[in-house]
Amino acid sequence: MKTFAERGFPGRLIAVEGLDGSGKSTQIYLLKRWLELQGLKVYFSEWNSSEIVKAATSKGKKRELLTPTTFSLIHATDFADRYERHLVPLMRAGYLVLCDRYIFTAFARDVVRGCPPEWVRGIYHFAALPDITFFFRADLEVSLQRILDGRPQLKYFEAGMDLRLSTDPYESFRIFQGRMLEQYLAMSTEFNFVVVDANQLIETQQGMVREIVSRRVDLEQFRRAERPKLTERAKAAARQDAPPKPLEEALE
Amino acid sequence: MKRSAKNLIVVPRRSERRFYGHGIPKVELETLAGKLIVVEGADGSGRSTQIALLVEWLEDTGHATVQVGLKRSTLVSEELDRAQEGNILSRSTLSLFYATDFADQLENIILPALKAGFIVLADRYIYTLMARDIVRGMDEEWLKNLYGIALEPDAVFYLNVPPEELMQRNFAKNLSLDYWESGMDIGLSRDMFDSFMQYQTAVQKTFKYLQREFGFTIVDGMRSADAISADLRKKIGAVLAGRG
């Protein structure tokens, strides 16, 4: 598989991966702020999938209709939708695109559910790899605690209850997350993850993230073209004082 | 001496089972006692007629049947319909959506029915899905991996009807041509007639190409329904007797 740069896209994609509660969303948010405050063309992909795919996914989850295979396929459908409708156009338009999770989440999750790794990877083969993937590695107990402290209601699939690891959702979630971590670590070298120690202070991590991004991406290429601000344009328009054109003339 | 009714029923012989690729995790293939029969062909090729005739014959001869087809899953069939109405999904997305529909039926209908010893009649299978996508330029290896989940059927019949005849049958039945069956999404031609002919010709070529790989039986769909049915019964009879 090739990265977006290797596939000749003018844009660059930066992804963060890690367990729930590893702090990755905070880190990518801070990265986004830093980039946009420099006036760069940044897009943070919030993963809005189209209504139709979303409807099928939530129906499957609510009614617990999903098997490992259909769970994998419906998420791949959802990803393909966002990839083709959103990411590819942005990457062609030369944006810096930030993604909170990418295909590696699916690789880890589906394999933990028992899907063959080569099958899952093959399905996502249409997608280019990120130009940088940060993996936030926190101690399992730390990330578990963060999630379990804040949000005691675990959803069925989120807790991996379909795997029958335990009848207790919290215990199931712990085992599931532990297996996810194993999968992430096994992929780390293969996919060139930049591993960030997520037990450090937020600032320390962000400093490292920014340092790596500025070293590996030529940020100047992503500067927005200077355009007069709206207020200036409005003033200029007001100064022209031209009489309004008659309707017939304007329609011609 | 009068033969008892019992002796007229052929008890199907077990077949060697395999998935095309990775398959579905944790399925014990040797427990699948039933048979999987697939009828493939374009709209207007006579698939539903043939399946109805087969069901009648199979039930008459003591076999229980279950029918599956594309876009019939509980999971995504409605959503697939809506997506197609608006033509809002791009290529890989639509393709994966169909694969989800297929997988849902495979796991929830086909495999349990085979385990219970039913004859499963599939009104199209992965070959139509693959052929459509190949015509749309999707990568063949990608498709083979994706549909490696599929179980190899006991028999696959492709009802071959030339595009000119399909065109006539579609008009006779619906008075119009279907947007997707005309391949209008590909943009071959703005003219629906031209697009239909080009698209169906391309699909047919692809089926012949896939036939070499998957080895299904090409059936001449230009004959009468009864003649075709007799042909299918003969072949399926052989499959049931373990001579397939």
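The values are calculated or read from the model by the stated rules, or taken from the named source; none is laboratory data. Computed from a prediction, not measured in an experiment: that's the story for all the values here. FYI the Cβ positions are ideal-geometry reconstructions off the backbone, even for glycines, and counts take in every protein chain you see.
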- Task: Please go through the stretch B:175-221 and pick out each residue that is among the hydrophobic types (A, V, I, L, M, F, W, C), within 15 Å of residue B:136 (Cβ to Cβ) and without any contact (Cβ under 8 Å) to a residue 60 or more places away in the chain.
- Result: B:184, B:186, B:188
- Could you list, in sequence order, the residues of the stretch B:17-39 that are within 22 Å of residue B:243 (Cβ to Cβ) and either β-branched (Val, Ile, Thr) or outside any loop (DSSP other than H, G, I, E, B) (or both)? B:29, B:30, B:35, B:36, B:37, B:38, B:39
- Task: Output the number of the condition that residue B:218 fails; it satisfies all remaining conditions of (1) crowded, with 21+ Cβ neighbours inside 10 Å; (2) touching a helix residue (DSSP H, G or I) at 6+ places or on another chain (Cβ under 8 Å); (3) not hydroxyl-bearing (Ser, Thr, Tyr).
- Result: (1)
- Could you run through the stretch A:115-127 and say how many residues are over 22 Å from residue A:84 (Cα atoms) and either among the polar types (S, T, N, Q) or touching a residue at least 12 places away in the same chain (Cβ under 8 Å) (or both)? 1
- Of (1) out of contact with any helix residue (DSSP H, G or I) (no Cβ under 7 Å at 6 or more places or on another chain); (2) of a type outside the set (Phe, Trp, Tyr); (3) within 14 Å of another protein chain (Cβ to nearest Cβ), residue B:16 satisfies all except one. Which? (3)
- Message: Name the single residue that is surrounded by the fewest Cβ atoms within 10 Å (Cβ to Cβ) among those in the stretch A:120-142 being of a type in the set (A, V, I, L, M, F, W, C) and assigned to a helix (DSSP H, G or I).
- Response: A:142
- Query: When residue A:49 is evaluated against the numbered criteria (1) at pLDDT 90 or above; (2) surrounded by 19 or more Cβ atoms within 10 Å (Cβ to Cβ); (3) under 18 Å from the mean Cα position of the chain (by Cα), which criterion, by number, is the only one it fails?
  - Reply: (1)
- Query: Which number in (1) of a type in the set (Val, Ile, Thr); (2) at pLDDT below 95; (3) not in a helix (DSSP H, G or I) marks the one condition that residue B:156 misses?
  - Reply: (2)
- Task: Select, from A:147, A:212, the only residue that is assigned to a helix (DSSP H, G or I) and at pLDDT below 95.
- Result: A:147
- Enumerate the helices (runs of 4 or more DSSP H) found wholly within the stretch B:49-122, keeping only those where 1 or more residues are more than 14 Å from the chain's Cα centre (by Cα), surrounded by fewer than 18 Cβ atoms within 10 Å (Cβ to Cβ) and within 8 Å of chain A (Cβ to nearest Cβ). B:77-86, B:91-105
- Task: Look through B:152, B:140 and report the one residue that is of a type in the set (Asp, Glu) and farther than 27 Å from residue B:225 by Cα.
- Result: B:140
- Item | Where residue A:16 falls short, out of the listed (1) over 12 Å from the mean Cα position of the chain (by Cα); (2) among the hydrophobic types (A, V, I, L, M, F, W, C); (3) within 23 Å of residue A:198 (Cβ to Cβ) | (1)
- Query: Somewhere in the stretch B:138-146, is a residue within 27 Å of residue B:33 (Cβ to Cβ) and touching a helix residue (DSSP H, G or I) at 6+ places or on another chain (Cβ under 9 Å)?
  - Reply: no
